[in-house]
Each structure stands twice: as structure tokens, then as C-alpha cells.
Amino acid sequence: MCKDTETIIYTDEQGRTFARECTCKKINDSKRRLQRTALANKADKYTLETYKNNEEWQKNILARAKEYVTNFNGDWLYIGGQPGAGKTHICTGIIQALSFKYNLSYDYILFNKKMTELKQSKFDDKESYKENIQRLIDVDILFIDDLYKIEPTKADIDILFDIINERYLNSKTCIFSSEKIAKEIIVFDEAIASRIFEKCGNYVIGIAKDINKNYRLKQ
Ligand SMILES: Nc1ncnc2c1ncn2[C@@H]1O[C@H](COP(=O)(O)OP(=O)(O)OP(=O)(O)O)[C@@H](O)[C@H]1O
Ligand SMILES: [Mg+2]
Ligand SMILES: [Zn+2]
């Protein structure tokens, strides 16, 4: 409609001309943000269409992912377990599909990296800290990748709780990937874990540890 200008020009009955943002702008903004993260250039590779499902367990995961997107009602989604089994791939596919289908903005953060950045700015530059946190609270869908990759400190938990709780209260969707299966995260912080489980409902997916499922080791 906008011929890739992201702006739509229209004229009202009095002949006045107006410009408004095209719906594609929100999706494009999210894509541009993704290009500034660790997933740069992975957007086209990590989709639901490119997710191979030769194995039964992959068929299950893909079916759940598609069902989640089709019936999307704001529920959260958690996928945990075996490293290299396509968790980041499937979640990236999901956020792109949701963004496209429902015109939602998304943001991708790598848990450890973002926590380090936020902790630093919390002390060095309060303004930029506030801005960063606000962005993570406002975005329609937040994908937190590799949750609890290393054991979180008290400072990590405080920051994560603020983000999760605000999103919980405002019914904003979060999607998580982690090497930890869901019940393993309770020990780090019960308040965070219980909010995650409540919001995920049926969309808690576990991939049982099995080195044969590590895609990186397959040639
Ligand atoms: N079913 C699949 N179809 C196509 N590619 C896949 C599939 N599963 C994994 N891959 C590819 O294998 C690589 C590893 O997958 P990914 O990074 O998503 O795994 P992960 O479960 O997130 O691992 P980690 O726990 O180490 O973060 C990626 O390049 C991904 O595209
Ligand atoms: Mg991953
Ligand atoms: Zn457009």
C-alpha cells in the first residue's frame, strides 16, 4: 500500500492531504532492531518455514508453535532443554510470524548480555537505564533468549523481576528459551517463575536432554 515508503498519503473529502504511518512500519522497526542484536542476518534463516521436522519431537514442537501463532491470545511461551535443539530458531520464527500476522512489535534480548548492559547503565547512566527498561516493558512481544544461561545474581533478579512483573501486570507477551527446563528455574526466583508459569498456561515446552538432538553436531 505504501510502496515501501512506510507512509500512506491520503486526501479527505475537503481535499486536504494527510500522511499516516503504514502498518508495515511497526514490523520493519522490529526487523531493524533484530539486525542490531546477536541474531543479525538470522531473521530469514530462523523461521517456522525453515524449521525441519523429520523427527517426531520436532513435529510436535512445530505443531505447538503453529498452534500458538494461529490461536494467539497473548499467552506467554517457554521452551527449555537440550542445547542446539532449535529453541532460538523456533522462537525467532514465532516472533516473526506473530509480528507479521497481527502487526505486533517485538524485541530480542540475550539474557546474560542484556543483564550485564542493564546493570552497568543502572549505576553509570540512570537515564539510559530507564529508557532501556521502558522499551523492554512497552514492546508488544519480548523474546528473552537463553534465560539463566549463567546463574543470576541478586542484581540480575531485581532487574528481571521489574521487567517480568511490569509485563505481567500489563498483559504483554514474553517468550523464553532456556537450557533449563521450566521447573528448574524455580530455584533462581519463585516470584519470577510463578508469573511465567501462570502466563504460559499450556505453552511450556520441554526438550528432554539428548545429544542426538543437537543440530550443531549434525552434518
Ligand atoms: N529443526 C531445525 N530445522 C532447521 N535448523 C535447525 C533446526 N534445529 C536447529 N537448527 C539449526 O541449528 C542451529 C542451532 O539451533 P538453535 O541455536 O536454535 O538451538 P538452541 O536450542 O537455541 O541452542 P542453545 O541452547 O545452545 O541456545 C541453528 O543454526 C538452527 O537454525
Ligand atoms: Mg539458543
Ligand atoms: Zn507499508
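The values are calculated or read from the model by the stated rules, or taken from the named source; none is laboratory data. Being a predicted model, the structure only gives us computed values, none of them experimental. Virtual Cβ from ideal backbone geometry, glycine too; neighbours counted across all protein chains shown.
Pairs linking a residue in region 81-110 that is within 15 Å of Ala40 (Cα to Cα) to a residue that is assigned to a helix (DSSP H, G or I) and within 10 Å of ligand 2 (Cβ to nearest atom), with Cβ atoms under 8 Å and 6 or more positions apart or on different chains, are Tyr108/Thr92. Restricting to region 192-219, count the residues that are hydrophobic (A, V, I, L, M, F, W, C), in contact (Cβ under 8 Å) with a residue 12 or more places away in the chain and surrounded by 11 or more Cβ atoms within 10 Å (Cβ to Cβ). Count: 7. Considering region 51-74, and only residues there that are surrounded by fewer than 13 Cβ atoms within 10 Å (Cβ to Cβ) and in a loop (DSSP other than H, G, I, E, B), the residue that is farthest from ligand 3 (Cβ to nearest atom) turns out to be Glu55. Within the group Ser177, Ser121, which residue is touching a Ser or Thr at 6+ places or on another chain (Cβ under 9 Å), of a type in the set (S, T, N, Q) and modelled with pLDDT of 95 or more? Just a single option satisfies the conditions, and that option is Ser177.
Mind listing whichever residues of region 71-94 are over 12 Å from the mean Cα position of the chain (by Cα) and closer than 30 Å to Cys22 by Cα? Please lay out each step first, then the result.
Within region 71-94, the subset over 12 Å from the mean Cα position of the chain (by Cα) is 71-75, 80-86.
Correct list: Asn71, Phe72, Asn73, Gly74, Asp75.
Take the residues in region 165-191 that are crowded, with 19+ Cβ neighbours inside 10 Å and of a type in the set (A, V, I, L, M, F, W, C); name whichever of them is farthest from Gly86 (Cα to Cα). Result: Ile185. Candidates in region 6-27 are the residues that are part of a loop (DSSP other than H, G, I, E, B) and near ligand 3 (Cβ under 7 Å from one of its atoms); of these, the one that is nearest to Ser99 (Cα to Cα) is Thr23.
The residue that is surrounded by the most Cβ atoms within 10 Å (Cβ to Cβ), among those in region 5-48 that are within 16 Å of ligand 2 (Cβ to nearest atom) and hydroxyl-bearing (Ser, Thr, Tyr), is Tyr46.
Ala97: of a type in the set (A, V, I, L, M, F, W, C), within 14 Å of the chain's Cα centre (by Cα) and within 13 Å of ligand 1 (Cβ to nearest atom), yes or no? Before you say what the answer is, go through the steps one by one.
Numbers: of a type in the set (A, V, I, L, M, F, W, C): yes; within 14 Å of the chain's Cα centre (by Cα): yes; within 13 Å of ligand 1 (Cβ to nearest atom): no.
Here the answer is no, as Ala97 does not meet what is asked.
Taken over region 192-219, the criterion of being assigned to a loop (DSSP other than H, G, I, E, B) and over 19 Å from the mean Cα position of the chain (by Cα) is satisfied by Ala208, Lys209, Asp210, Asn214, Lys218, Gln219. Summed over region 115-160, residues that are out of contact with any strand residue (DSSP E or B) (no Cβ under 7 Å at 6 or more places or on another chain) and either hydroxyl-bearing (Ser, Thr, Tyr) or within 24 Å of Lys183 (Cβ to Cβ) (or both) total 16.
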